[in-house]
Amino acid sequence: MDIDLSAPHSMGTTIIGVTYNGGVVLGADSRTSTGMYVANRASDKITQLTDNVYICRSGSAADSQVISDYVRYFLHQHTIQLGQPATVKVAANLVRLLSYQNKNMLQMGVIVGGWDKYEGGQIYSVPLGGTILKQPFAIGGSGSAYLYGFFDQAWKEGMSKDEAEKLVVKAVSLAIARDGASGGVVRTVTINADGVTKNFYTGDSLPLWHEELEPHNSLLDILSASSSPEPMST
Amino acid sequence: MAIRGNWMYENNGGTCVAIAGADYCVIAADTRLSVGYSIYTRDYSKICKLADKCVMASSGFQGDLKALQKNLAAKHLIYQHQHNKQMSCPAMAQLLSNTLYYKRFFPYYTFNILGGLDSDGKGCVFTYDAVGSYERVGYSAHGTGAGLIIPVLDNQLKSPSPLLLPAKDAVTPLSEMEAVDLVKDVFASATERDIYTGDKVEILVINASGIRQELMELRKD
């Protein structure tokens, strides 16, 4: 095998977090790769920390899983001691502390998003190195490189829930089209005062971008449709 | 062991597979141990029974695998003393993940699959990378032949798609016999195309009545 099936799993990924008027929408693709092999085509990179706070993970799968487990454990204790749900800021800062203090050893970039009654919907970015940055929207992972220009143009303050979700799905699908390390389905998690809603969008429900081919179950469908013996010619 | 510079690992080759069903779990691994182009032995078990209903199969560096198996068996024994019962498969799964991550900066060079029955008696399979990231899945394969086998399992197991939401249980609707036949088929095919897979395949089937073992001959070239 030319590809190295024994590399540790890393999530070459696209992750996104967006605030809207009333909450946040988190989005991610579903591909986990080890080198050039897709170790999991259906991963769930949006992990729960508490009822009202979720985290989008990218980078080393093991590192981000373990850090998420620690933060979930600390937040659980914190919630008991506090007597009410933890705030998004506290959750994000716990992630940041572990990330910064172990920066030499960890390789993960995450986006923490959620809703609490004090500040409403919030998104915090915690990239490699352990910086914490509160942002109206955040993008991360290898696929985010293709989205900076898109968000500069498409992002606006005060979107509705549906507009925000459509934006996230469009963005992840654009990144999947261009980034080999992102793929699979688009998963979204919407968090607001009413609770948490999870959605997913299969590859064939996403719009096609420049020069992408229509999804087909078999190339024979294309053959019988056109009379040309060349399946790929338009 | 040839140590070039300070490279302390070796890949002994081989493939392991596990499939979870509604009330059974099939785990299999070939029995060839290789180094480079040589076969050291045709008769080496890569499978270890960790608990009553929990079995681990691994490919990679067998030296690290032996150490890992001993480590887990020792921790399991302590657990039994402290809790007066065997560890469940999901509990063992977390223990394995923690044990692997403990050596995050000098990893066990093993690619593990854990299989067994959960506390409801349903088949479960957990798949790992070398540093402990893990997930419960309906089926998995690791090792030199994995790239040849997984696409066939994706196609043949008729599992509910893992992409669905709400997540449907990923176990296959196939019967125990069909799953075992499929495992034999994929190993036979992988043996044809992967030089490190062959000799024999050891198949363990875990169900409510216990653990059954089968050995099937494979090509020896």
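Which whole-Hz ³J(HN,Hα) couplings does the range A:137-151 yield from phi under the Karplus relation 6.51 cos²θ - 1.76 cosθ + 1.60, θ = phi - 60°, glycine and proline marked x?
8, 9, 10, x, x, 4, x, 5, 3, 8, 10, 4, x, 4, 5
For the pair B:T99 and B:S119, what calculated FRET efficiency results from E = 1/(1 + (r/R0)^6), where r is the Cβ-Cβ distance and R0 = 22 Å, to the nearest 0.05?
E(calc), rounded to 0.05, equals 0.55.
Once Lys and Arg get +1 and Asp and Glu get -1 on their Cβ, which of A:T202, A:V112, A:F150 lies farthest toward the positive end of the dipole of the protein assembly as shown?
Of the candidates, A:V112 comes out farthest on the positive side.
Each residue of the range B:204-221 in turn: what ³J(HN,Hα) in whole Hz from Karplus with 6.51, -1.76, 1.60 and θ = phi - 60°, glycine and Pro shown as x?
So the Karplus estimates, Gly and Pro as x, are 10, 10, 9, 9, 4, 7, x, 10, 10, 10, 9, 10, 10, 6, 10, 5, 9, 8 Hz.
Sum up the charges of everything whose Cβ sits under 14 Å from the Cβ of A:D63, counting Lys and Arg as +1 and Asp and Glu as -1, but leave A:D63 out.
In short, +3.
Where in the range A:166-196 is the amide nitrogen less than 13 Å from a point lying 7 Å along the Cα-to-Cβ axis of A:D51?
Within reach of a label on A:D51, which here means backbone N under 13 Å from a point 7 Å along Cα→Cβ, the range A:166-196 contributes A:192-196.
Going by average Cβ density within 10 Å per residue, which order do the peptides B:95-101, B:23-29, B:109-115 take, highest to lowest?
B:109-115, B:23-29, B:95-101
I want the local charge near A:T197. Using Cβ-Cβ distances under 10 Å, sum +1 for each Lys or Arg and -1 for each Asp or Glu among the other residues.
Local charge sum for A:T197: 0.
Step by step: find N for chain B, compute 2.2 N^0.38 Å, then divide the Cα radius of gyration by it. What's the final number?
Cα-based Rg divided by the globular estimate yields 0.98.
Provide Rg and Dmax in Å for the range B:121-175, with only Cα atoms included in the calculation.
Using the Cα atoms of the range B:121-175, the pair Rg, Dmax is 11.9, 33 Å.
I'd like the mean, over residues of B:140-148, of how many other protein chain beta carbons sit within 10 Å of each residue's own Cβ.
Neighbouring Cβ atoms belonging to other protein chains average 3 per residue here.
Which lysines, if any, have their Cα less than 24 Å from the Cα of B:K75, not counting same-chain residues under 8 positions apart?
Output for B:K75: B:K46, B:K49, B:K53, B:K66, B:K85, B:K103.
Label 7 Å along Cα→Cβ of B:D185; the range B:138-158 residues with amide nitrogen under 18 Å?
Answer for the range B:138-158: B:139-141, B:146-158.
Checking a compactness column here: for the range A:107-208, what do you get for Rg(Cα) / (2.2 N^0.38 Å), N being the number of residues?
Expressed relative to 2.2 N^0.38 Å, the Cα Rg reads 1.09.
How well do other chains shield peptide A:34-44, expressed as the mean number of their Cβ atoms within 10 Å of each residue Cβ?
Partner Cβ neighbours, averaged per residue: 4.
Given points 7 Å out from each Cα along the Cα-Cβ axis, report the A:F151 to B:S161 separation in nanometres with one decimal.
For the pair A:F151/B:S161, the computed spacing is 2.8 nm.
Rank-order A:23-33, B:206-216 by packing density, defined as the average count of other C-beta atoms within 10 Å over each peptide's residues, highest first.
A:23-33, B:206-216
Give me the net charge for the shell around B:R104: Cβ to Cβ below 12 angstrom, other residues only, Lys and Arg +1, Asp and Glu -1.
-1
So what are the three principal axis dimensions of chain A from its Cα atoms, in whole Å, longest to shortest?
Each principal axis gives a Cα extent; for chain A these are 71, 44, 28 Å.
Can you give me the pair-distance distribution of the range A:39-131, C-alpha pairs, 5 Å bins, whole percents?
Here the calculated profile for the range A:39-131 is 3, 15, 27, 24, 17, 10, 3, 1, 0.
Taking the Cα centre of each part, how many Å lie between the range B:116-165 and the range A:101-172?
A separation of 31 Å, based on Cα centres.
How big is the convex hull of the Cα atoms of the protein assembly as shown, per residue, in Å³?
178
Values in this text are rule-based calculations from the coordinates and carry no lab data. Note that the coordinates shown come from a computational prediction; the quantities given were computed from them, not determined experimentally. With ideal geometry, Cβ positions are generated from the backbone for all residues, glycine too; neighbour counts draw on all protein chains shown.
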